[in-house]
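Enquirer: There's a structure below that I have some questions on.
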Amino acid sequence: MENILFEYPVNNENSSFDDEFQVQKARTIKIKYTVIIAVFCALVMYFLSALFAKAALLFYLLTAFFTILAMVTGKMFVKYPRHFLYIKATENELQLAYYKDKKEDYHFQYKSIEEIRFADKNFTAVYIKEEGRKPYYFELNKWTPEQGFFLYTIPQILPNVFKGNSKEIAKKYGDEADFYNEVYKESN
């Protein structure tokens, strides 16, 4: 059996990852429909206010209420991450389960990986390129162990494959201990 070099979340927590993804997906759908209905109600009230000129103030107040409700509800989209990443790195293989719109499983043999590089300057997205294939794109949640894995662990496991600027990473996040101290300080 191969040694596990890195795993996030730990295997017994992975089933809760599936459950949390389903809950987040259902919540997002519910919020989306709430916003659509609130905007529709606001528009209907606005156009009906011309028919009921005497009650126009009531319709304008209700329109304002539904517009504010749609704006507040819409801001909830920003609060929750829309993606999760399960990572398991062994001595010979990298396994990823990427939860975005649906769950997708990936298995990469280290010898088949040509390049791993960050897709943005904030280090919140990564490309993994296998031999003869287009690169796979994964978003990373900021200040999480999944981001720390690609910032610090991958360069140790695959130094010849990782294409990143370690000086820029150190300048932005510090060393590995500083990064994980900050991660776990934020979660407490």
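The values are calculated or read from the model by the stated rules, or taken from the named source; none is laboratory data. Keep in mind it's a predicted model, so treat the numbers as computed, not measured. Neighbour counts run over all protein chains shown; Cβ positions are idealised from the backbone, glycine included.
Enquirer: Considering only residues that are of a type in the set (A, V, I, L, M, F, W, C), closer than 23 Å to Lys88 by Cβ and surrounded by 13 or more Cβ atoms within 10 Å (Cβ to Cβ), look in region 5-55 and name the one that is modelled with the lowest pLDDT.
Expert: Top of the filtered list is Phe17.
Enquirer: Does any residue of region 95-114 turn out to be of a type in the set (Gly, Ala, Ser) and within 20 Å of Tyr152 (Cβ to Cβ)?
Expert: Taking region 95-114 first, the residues of a type in the set (Gly, Ala, Ser) are 97, 112.
Cutting the leftovers down to within 20 Å of Tyr152 (Cβ to Cβ) gives us none.
For region 95-114, residues of a type in the set (Gly, Ala, Ser) and within 20 Å of Tyr152 (Cβ to Cβ): absent.
Enquirer: May I pose another question? Assuming Thr73 fulfils every condition listed in (1) at pLDDT 90 or above; (2) surrounded by 14 or more Cβ atoms within 10 Å (Cβ to Cβ); (3) not hydrophobic (A, V, I, L, M, F, W, C) apart from one, which condition is it?
Expert: Status for Thr73: all satisfied but (1).
Enquirer: With buried (at least 17 other Cβ atoms within 10 Å of the Cβ) and either within 15 Å of Ile4 (Cβ to Cβ) or among the small types (Gly, Ala, Ser) (or both) as the only criterion, which of Thr153, Thr90 stands out?
Expert: Numbers: Thr90 fails: buried (at least 17 other Cβ atoms within 10 Å of the Cβ).
Every option except Thr153 fails the conditions.
Enquirer: Of all residues being touching a His at 6+ places or on another chain (Cβ under 8 Å) and assigned to a loop (DSSP other than H, G, I, E, B) in region 98-147, which is nearest to Gly174 (Cα to Cα)? Just the residue, please.
Expert: Residue satisfying both the conditions and the ranking: Asn141.
Enquirer: So, one more: For region 159-179, which residues satisfy the criterion of being touching a residue at least 12 places away in the same chain (Cβ under 8 Å) and either at positive phi or surrounded by 17 or more Cβ atoms within 10 Å (Cβ to Cβ) (or both)?
Expert: Val161, Phe162, Ile169, Tyr173, Phe179
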